[in-house]
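The values are calculated or read from the model by the stated rules, or taken from the named source; none is laboratory data. Keep in mind that what you see is a predicted model, and the values were worked out from it rather than measured. Quick reminder, even Gly has a Cβ in these numbers, built from the backbone with ideal geometry, and neighbours come from all protein chains shown. Ligands, DNA and RNA are stripped out before the accessible areas are found, and what is left, the full protein with its side chains, is counted by its heavy atoms. Shrake-Rupley method; radii C 1.70, N 1.55, O 1.52, S 1.80 Å.
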Amino acid sequence: MAVESVVIAGGGVAGLGTALAMARQGHSVTLLERDDTAPIATAQDAFEVARRGAPQVHQTHGFLARAAVVLRERFPDVLDTLLDAGCTTMSLAPAGAAPEPGDEDLGVLIVRRTTFEWALRRAVVAEPGIEVRESVTVSALMGTAGSGEATPPVVSGVTLADGSAVEADIVVAATGRRSGVPGWLAPLGVNTGERVHESGLVYLTRWYKLADALVLPPSPKLGGDLGFVKYLVV
């Protein structure tokens, strides 16, 4: 397998996960993150960090069962870190039903998004072959525009806000829904459209610390339908 140089813009879950996967396949990875998030000693410290690029990180999160399976099979060290930090698994198997093969793969990870990122970041920082660069902003793509199907556009790296360049065989943009990717691709002759669909969802989070004497049931939930809104409290 040929070793490729990889530049990843964005140090959230997608960027960190991609960096770890690529490096463990033997590739040379440079991870570029706009925020200053290092070093972070504990999961609680990670919760206190302001993330301009990911304002939703403090919302309640439940990571789908596929995430738990991928972590177990490919990144067991990250899963161990999450479990040690207090992450729990909520089974989606029908309550009271007889166990069936595969039920063990139906477990949603219940963990703070900031803790999930923190565990991934710990593994990324410790991984040989990954260079993490904080407080840097990608401003454009390097490359050549195409001229039809025979010669498609080629991306050869990124330009940073300070004018410096980082060359790479592969560029991954993991900068989220507010990404500048459409503007980065336009000079290379690639035009991307965007369609917006209203979801009708409202998502609010407030965190509480339990009193020492208070014990909650294993999976406390409250929900209902008020006619104009359906709600679920977890």
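What about P55, is it without any contact (Cβ under 8 Å) to a residue 24 or more places away in the chain, open to solvent by 70 Å² or more (accessible area, probe 1.4 Å) and within 21 Å of T137 (Cβ to Cβ)? Please lay out each step first, then the result.
Values: without any contact (Cβ under 8 Å) to a residue 24 or more places away in the chain: yes; open to solvent by 70 Å² or more (accessible area, probe 1.4 Å): yes; within 21 Å of T137 (Cβ to Cβ): yes.
Yes.
Out of all the residues in the stretch 3-21, is one or more at pLDDT below 90 and either open to solvent by 30 Å² or more (accessible area, probe 1.4 Å) or out of contact with any strand residue (DSSP E or B) (no Cβ under 9 Å at 6 or more places or on another chain) (or both)?
yes
Keeping to the stretch 114-135, report how many residues are open to solvent by 30 Å² or more (accessible area, probe 1.4 Å), in contact (Cβ under 8 Å) with a residue 12 or more places away in the chain, outside any strand (DSSP E or B) and among the aliphatic types (A, V, I, L, M).
Applying the first criterion (open to solvent by 30 Å² or more (accessible area, probe 1.4 Å)) to the stretch 114-135 yields 122, 125-129, 131-135.
Filter once more, so that each one left must be in contact (Cβ under 8 Å) with a residue 12 or more places away in the chain: 122, 125, 127-129, 131-135.
Subsequent filtering for residues that are outside any strand (DSSP E or B) retains 122, 125, 127-129, 134-135.
So of that shortlist, the ones also among the aliphatic types (A, V, I, L, M) come out as 125.
So the answer is 1.
Which one of these does T60 not meet: (1) β-branched (V, I, T); (2) modelled with pLDDT under 90; (3) open to solvent by less than 30 Å² (accessible area, probe 1.4 Å)?
Looking at each condition in turn, T60 falls short on (3).
So the check is Cβ under 7 Å with 6+ separation or different chains; which pairs have a first residue in the stretch 143-167 that's over 17 Å from L32 (Cβ atoms) and a second one that's surrounded by 15 or more Cβ atoms within 10 Å (Cβ to Cβ)?
T144/P153; A145/P153; A145/L188; G146/P153; P153/G143; P153/L188; P153/V190; V154/G143
Residue under question is Y231, and the condition is that it be surrounded by 10 or more Cβ atoms within 10 Å (Cβ to Cβ) and either touching a helix residue (DSSP H, G or I) at 6+ places or on another chain (Cβ under 6 Å) or not small (G, A, S) (or both); does it hold?
Values: surrounded by 10 or more Cβ atoms within 10 Å (Cβ to Cβ): yes; either touching a helix residue (DSSP H, G or I) at 6+ places or on another chain (Cβ under 6 Å) or not small (G, A, S) (or both): yes.
Taking the combined requirement at face value, the residue satisfies it.
Name the pairs: first residue in the stretch 1-24 and under 14 Å from P128 (Cα atoms), second residue among the aromatic types (F, W, Y), Cβ to Cβ under 8 Å, at least 6 apart or on different chains?
L20/F75
Residue by residue, here is whether (1) under 27 Å from G180 (Cα atoms); (2) open to solvent by less than 30 Å² (accessible area, probe 1.4 Å); (3) free of Cβ contacts under 8 Å to residues at least 24 places away in the same chain holds:
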position: R34; (1), (2), (3): yes, no, no
position: V78; (1), (2), (3): no, yes, no
position: A85; (1), (2), (3): no, no, no
position: D105; (1), (2), (3): no, no, no
position: V138; (1), (2), (3): yes, yes, no
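Of the conditions (1) open to solvent by 40 Å² or more (accessible area, probe 1.4 Å); (2) in contact (Cβ under 8 Å) with a residue 12 or more places away in the chain, A95 satisfies every one except a single condition; which number is it?
Failed condition: (2).
Hey, any hits in the stretch 91-113 for a residue that's part of a strand (DSSP E or B), of a type in the set (S, T, Y) and farther than 30 Å from A186 by Cβ?
So far as the stretch 91-113 goes, yes, one or more of its residues are part of a strand (DSSP E or B), of a type in the set (S, T, Y) and farther than 30 Å from A186 by Cβ.
Among the residues of the stretch 152-180, write down those that are open to solvent by 40 Å² or more (accessible area, probe 1.4 Å) and farther than 26 Å from V3 by Cβ.
Selection gives A161, D162, G163, G176, R177, R178.
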